[in-house]
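Input: a single structure, listed below in structure tokens.
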Amino acid sequence: MPLLVKALADALDAMPQFNASLDPASSELVMKKYVHVGVAVDTPGGLLVPVIRDCDRKSAGEIADEIAALSEKARTKGLSMAEMSGGCITLTSLGHIGGTSFTPIVNAPEVAILGVTRARPVAVPDTDGGVMWRQMLPLSLSYDHRVINGADAARFCRFIADRLASEELFA
């Protein structure tokens, strides 16, 4: 999850239309100058979404520690409202449950949510006409069409996939 959060932070920086929200009172688009990623946590009482703040300024290790701490607080009913507000985008994962795809619902007033399931090996053609096995992580992006069009959504997913495949992310 921490590497996904880092990839999302990079994507929000590269494509700022995703780092926005719609003001519910005025319907105005609010462009955000910070990168806060909500991470959905499955708890006995339902899903809660604590927010990892300033992800663009944190290492993957710092993000991992924060996800662990906030997830524990979520499961023990210790999260404050402040810890669940101010997100720019939400990341939700069903990897622990299984399945290959799902349709996540945008966490308003955010304009997008990225869903992932379990990574799995998939046979793909190699350059010599043979087959090789690659690890594939299914991505499912839901977005508000009032702000984001389908082509930009596809580019956003491509950006995230490229970042996850990049050695830079692991440095």
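The values are calculated or read from the model by the stated rules, or taken from the named source; none is laboratory data. Since this is a predicted model, take the numbers as computed values, not measurements. Methodologically, a virtual Cβ is constructed for each residue, glycine included, from the backbone with ideal geometry; neighbour enumeration extends over all protein chains shown.
A few remarks follow.
- Subset of the stretch 129-147 [of a type outside the set (A, V, I, L, M, F, W, C), within 12 Å of Ala119 (Cα to Cα) and in a strand (DSSP E or B)]: Arg134, Gln135
- The residue that is modelled with the lowest pLDDT, among those in the stretch 1-32 that are more than 15 Å from the chain's Cα centre (by Cα) and either assigned to a strand (DSSP E or B) or β-branched (Val, Ile, Thr) (or both), is Leu22.
- Scope the stretch 62-94; condition within 15 Å of Val37 (Cβ to Cβ) and not hydrophobic (A, V, I, L, M, F, W, C); matching residues: Glu62, Asp65, Glu66, Ser71, Glu83, Ser85, Gly86, Gly87, Thr90, Thr92, Ser93
- A single entry from Ala60, Ala20, Ala9 fulfils the requirement of being over 13 Å from Ile89 (Cβ atoms), small (Gly, Ala, Ser) and in contact (Cβ under 8 Å) with a residue 24 or more places away in the chain: Ala60.
- For the stretch 52-96, a residue qualifies if it is hydrophobic (A, V, I, L, M, F, W, C) and in a helix (DSSP H, G or I), and the qualifying residues are Cys55, Ala60, Ile63, Ala64, Ile67, Ala68, Ala69, Leu70, Ala74, Ala82, Met84.
- Residue in the stretch 88-103 that is surrounded by the most Cβ atoms within 10 Å (Cβ to Cβ), counting only those that are over 17 Å from Thr43 (Cβ atoms) and touching a residue at least 40 places away in the same chain (Cβ under 8 Å): Ile89
- Residue check, Lys32 more than 19 Å from Leu137 (Cα to Cα), surrounded by fewer than 11 Cβ atoms within 10 Å (Cβ to Cβ), out of contact with any Pro (no Cβ under 7 Å at 6 or more places or on another chain) and not β-branched (Val, Ile, Thr): no
- Residue in the stretch 117-128 that is among the small types (Gly, Ala, Ser), surrounded by 12 or more Cβ atoms within 10 Å (Cβ to Cβ) and part of a helix (DSSP H, G or I) present: no
- Which listed residue, of Gly115, Gly95, is under 30 Å from Leu29 (Cα atoms) and under 16 Å from the mean Cα position of the chain (by Cα): Gly115
- Boolean, Leu114 is in a strand (DSSP E or B) and touching a residue at least 40 places away in the same chain (Cβ under 8 Å): yes
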